[in-house]
1. Which residues, taken from the stretch 175-203, are more than 12 Å from ligand 1 (Cβ to nearest atom), buried (at least 22 other Cβ atoms within 10 Å of the Cβ) and more than 17 Å from Q4 (Cβ to Cβ)?
2. Can you find, within the stretch 220-239, the residue that is modelled with the highest pLDDT among those that are surrounded by fewer than 15 Cβ atoms within 10 Å (Cβ to Cβ) and not in a helix (DSSP H, G or I)?
3. Provide a single number: the residues in the stretch 27-53 that are more than 16 Å from ligand 2 (Cβ to nearest atom) and surrounded by 24 or more Cβ atoms within 10 Å (Cβ to Cβ).
4. Could you please give the count of residues in the stretch 34-64 that are more than 17 Å from V211 (Cβ to Cβ) and part of a helix (DSSP H, G or I)?
5. Would you check if L143 is within 16 Å of ligand 2 (Cβ to nearest atom), open to solvent by less than 10 Å² (accessible area, probe 1.4 Å) and either in contact with a strand residue (DSSP E or B) (Cβ under 7 Å, 6 or more places away or on another chain) or not assigned by TED's automatic domain parsing to the domain that holds L275 (or both)?
Amino acid sequence: MANQTYIFGPCSAESREQVMDTARAIKAQCSVPFIFRAGVWKPRTRPDTYQGAGDEGLEWLAEVKNTLGIPVATEVATPEHVTAARKAGIDYLWIGARTSANPIAVQAIADALGAQTDNGKAVLIKNPVNADPALWLGNIERLEKTGLPVMAVHRGCNHQPCWSMAHDVRTARPDVPMLLDPSHMSGDAAQVPELLKKIAELGLDGAMIEVHCCPEKALSDNAQQITPDSLNGLNLFEGLTSLTISNNLKQPQTTSNNTELSWLRAEIDELDKALWDTIAARMDVSRRIGEWKKAHHITPLQPERYQQIVERIKDKGDFALRIWEIIHKESLKQQE
Ligand code: PEP
Ligand code: MN
């Protein structure tokens with residue numbers, strides 16, 4: 001458990017006061033070294049939302065570093081961001097999920113980092129927004145060519161964990177530290193404590209957690225940020241006597257059988273959830289079809305359509321047909 005990395009801080013740097021208040025409050029809760037995070041260039045989905053403080057936010061982060069002695073991290077999405085962040089003395093840089101989906105953008109950032117490998121500190125790469133382990137691995141390789149240490153951050157897709165993708169990357173590169181980002185993985189502060197249990201279960205290397213001095217007033221991701229006070233209740237540091245910020249690549253680990261079983265079970269849980277979500281979505285469409293049929297005076301069971309689907313599923317074998325029969329029966333019930 002030693003050599004874990006913890007990164008805490010708000011989604012966005014919003015003002016000097018918010019940044020300093022949050023950093024001070026986290027410091028008061030943390031007896032172990034941590035990195036303070038805040039995004040200053042925010043890759044927001046919609047244009048009329050808070051886009052970040054820009055270069056001014058870097059000054060607030062530099063103040064955290066210089067007055068509180070806490071190393072700081074921010075997200076970079078372009079080579080210009082790298083230059084500005086390096087100039088401001090930002091220690092750690094991470095590449096976000098949207099940028100991670102674009103290899104040309106990641107390569108441009110890697111080129112900029114390679115030209116400015118001055119601080120020797122790790123660069124972090126989140127998984128891409130789409131569940132593509134090869135793309136994530138490729139990004140790790142692009143960044144490794146800079147000579148800087150690289151860490152992976154599993155932040156999931158669409159506010160869900162993506163254990164299968166993380167397991168693939170972990171298996172291919174056990175030497176690359178992997179942090180958990182339970183905040184973006186769930187989009188929900190209430191789910192953060194439960195998700196953090198996966199660090200021990202899966203043998204992960206720490207976490208990046210969004211922490212805001214006043215989450216309800218946050219200008220971005222307000223539903224998922226926890227308060228500095230609640231850090232204490234997470235039992236993150238229990239038994240940790242020598243938490244260090246790891247700048248170096250870790251030794252390749254052979255995952256114990258137990259850890260491997262935990263990864264596979266996490267994948268099964270994820271697939272079960274996807275199954276139920278798909279069935280629920282299917283029932284929803286089925287109910288809408290039921291309303292249409294009612295309005296057009298058509299009975300729920302249409303033998304021709306039924307036969308058409310049976311023909312299609314028959315190829316998949318007896319098990320598939322049995323499952324489909326159960327789903328179809330429930331569907332008809334929903335249309336009554
Ligand atoms: C963030 O860390 O605030 C962020 C934008 O994350 P992601 O790239 O995972 O969405
Ligand atoms: Mn965020």
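The values are calculated or read from the model by the stated rules, or taken from the named source; none is laboratory data. Remember, predicted model here, so these are calculated numbers, not experimental data. Cβ coordinates were reconstructed from backbone atoms using ideal geometry, including for glycine residues, and neighbour counts include every protein chain displayed. Note: accessible area is taken over every heavy atom of the protein model, side chains too, but ligands, DNA and RNA are not part of it. Shrake-Rupley method; radii C 1.70, N 1.55, O 1.52, S 1.80 Å.
1. Within the stretch 175-203, A189 is the sole residue that qualifies.
2. Checked the stretch 220-239; the qualifying residue modelled with the highest pLDDT is A223.
3. Adding up the residues that qualify gives 1.
4. Quick first cut of the stretch 34-64, residues more than 17 Å from V211 (Cβ to Cβ) only: 41, 43-56, 58-59, 62-63.
This time we only want the ones that are part of a helix (DSSP H, G or I), so: 55-56, 58-59, 62-63.
The number of residues fulfilling the criteria is 6.
5. no
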